[in-house]
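Engineer: Would you mind keeping the following structure in view while I ask a few things?
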Ligand code: URA
């Protein structure tokens, strides 16, 4: 292990090839980060497993690539993204899970977030609340094209990115806290009427942070809850949706890496 390890991600520049990986997949769940690495990258190698934040190094079409964990929510994600930027990462695709709030986006489907309504505290430490939470357009097109080529229906749209899974996503029946603030009562319907597709907990902060740092960011989400029908995570839908989200993210990364090679 190197001495130049970053404190949270647990690895540093001397653990990486030169030039370092320009691209990272970022999953909330360490098991998903492992699944991406061991199932899709060539020569995957575990770089670190620190505080539940695993990072894998491998390659995709000859390009070094990382598959890392963000942990849950904006605060943890900002730390990981900051440290990934310090070791040379230039583009990040989040692979996450989400709850749909639209009837036409079923459980088991895939959402590609093109922008987020960012109701997240950590993002406000990085940029003013009015700063746009927008995905990188080139990365987003690469992801959408990859989905189309793979025959996977992906819903491209706006995501509500919030800090809490229960209160912030208007969960009451499945929550320990039945006392939802007045400001949050009816918020899901309001968002539905604004054409927002879904709830999740990281993309808004990721987009703002990457934009401020000069990094490209994209986001692919597996729909594991259908909030027009209920509050629960539907484990039956999770398997297929997660497999499809990973397929889209990996194929999108291939396109993005090929485009970068052509333009340099
Ligand atoms: N992740 C979320 O943030 N919300 C859901 O409903 C499911 C996954």
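The values are calculated or read from the model by the stated rules, or taken from the named source; none is laboratory data. Note that this is a predicted model, so its numbers are computed, not measured. Methodologically, a virtual Cβ is constructed for each residue, glycine included, from the backbone with ideal geometry; neighbour enumeration extends over all protein chains shown.
Engineer: Among 218, 195, 239, which is the only one that is surrounded by fewer than 24 Cβ atoms within 10 Å (Cβ to Cβ) and within 23 Å of residue 133 (Cα to Cα)?
Structural biologist: Working: 218 fails: surrounded by fewer than 24 Cβ atoms within 10 Å (Cβ to Cβ); 239 fails: within 23 Å of residue 133 (Cα to Cα).
So the residue among 218, 195, 239 that is surrounded by fewer than 24 Cβ atoms within 10 Å (Cβ to Cβ) and within 23 Å of residue 133 (Cα to Cα) is 195.
Engineer: Which one of the conditions (1) in contact (Cβ under 8 Å) with a residue 24 or more places away in the chain; (2) more than 16 Å from the chain's Cα centre (by Cα); (3) crowded, with 16+ Cβ neighbours inside 10 Å does residue 61 fail to meet, given that it meets all the rest?
Structural biologist: Evaluating residue 61 over (1) in contact (Cβ under 8 Å) with a residue 24 or more places away in the chain; (2) more than 16 Å from the chain's Cα centre (by Cα); (3) crowded, with 16+ Cβ neighbours inside 10 Å leaves (3) as the failure.
Engineer: How many residues are part of a strand (DSSP E or B) and over 16 Å from the mean Cα position of the chain (by Cα) if we restrict to the range 40-55?
Structural biologist: Result for the range 40-55: 9.
Engineer: Which number in (1) touching a helix residue (DSSP H, G or I) at 6+ places or on another chain (Cβ under 8 Å); (2) under 17 Å from residue 247 (Cβ atoms); (3) more than 16 Å from the ligand (Cβ to nearest atom) marks the one condition that residue 96 misses?
Structural biologist: Of the numbered conditions (1) touching a helix residue (DSSP H, G or I) at 6+ places or on another chain (Cβ under 8 Å); (2) under 17 Å from residue 247 (Cβ atoms); (3) more than 16 Å from the ligand (Cβ to nearest atom), the odd one out for residue 96 is (3).
Engineer: Something else about it: Output the qualifying pairs, or none if there are none: Cβ atoms under 9 angstrom, residues six or more apart or on different chains, first residue in the range 95-111 and on the phi > 0 side of the Ramachandran plot, second residue part of a loop (DSSP other than H, G, I, E, B).
Structural biologist: Final answer for the pair search is 108/234.
Residue by residue, here is whether (1) in a loop (DSSP other than H, G, I, E, B); (2) out of contact with any strand residue (DSSP E or B) (no Cβ under 7 Å at 6 or more places or on another chain); (3) more than 12 Å from the ligand (Cβ to nearest atom); (4) over 19 Å from residue 117 (Cα atoms) holds:
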position	(1), (2), (3), (4)
188	no, yes, no, no
210	no, no, yes, no
218	no, no, yes, no
221	no, no, no, no
224	no, no, no, yes
246	no, no, yes, yes
254	no, no, yes, yes
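Engineer: What do you reckon, is residue 233 within 13 Å of the ligand (Cβ to nearest atom) and either at pLDDT 95 or above or under 21 Å from the mean Cα position of the chain (by Cα) (or both)? Even if it seems obvious, please write down each step before you answer.
Structural biologist: Numbers: within 13 Å of the ligand (Cβ to nearest atom): yes; either at pLDDT 95 or above or under 21 Å from the mean Cα position of the chain (by Cα) (or both): yes.
When the stated conditions are applied, residue 233 passes them.
Engineer: Here's another thing I want to ask about it. Which number in (1) at pLDDT 95 or above; (2) within 13 Å of the ligand (Cβ to nearest atom); (3) in contact with a strand residue (DSSP E or B) (Cβ under 7 Å, 6 or more places away or on another chain) marks the one condition that residue 228 misses?
Structural biologist: So residue 228 meets the others, but not (3).
Engineer: Given the condition surrounded by fewer than 19 Cβ atoms within 10 Å (Cβ to Cβ) and touching a helix residue (DSSP H, G or I) at 6+ places or on another chain (Cβ under 6 Å), answer yes or no: does some residue in the range 75-85 qualify?
Structural biologist: Yes, because at least one residue in the range 75-85 is surrounded by fewer than 19 Cβ atoms within 10 Å (Cβ to Cβ) and touching a helix residue (DSSP H, G or I) at 6+ places or on another chain (Cβ under 6 Å).
Engineer: For the range 190-208, how many residues meet the condition of being within 11 Å of the ligand (Cβ to nearest atom) and assigned to a loop (DSSP other than H, G, I, E, B)?
Structural biologist: So the answer is 2.
Engineer: What's the number of the condition residue 37 fails, among (1) farther than 21 Å from residue 133 by Cβ; (2) touching a residue at least 40 places away in the same chain (Cβ under 8 Å)?
Structural biologist: Condition (2) is where residue 37 drops out.
Engineer: Restricting the range 154-178 to residues that are more than 19 Å from residue 190 (Cβ to Cβ) and within 18 Å of the chain's Cα centre (by Cα), which is nearest to the ligand (Cβ to nearest atom)?
Structural biologist: By that ranking, first place goes to 155.
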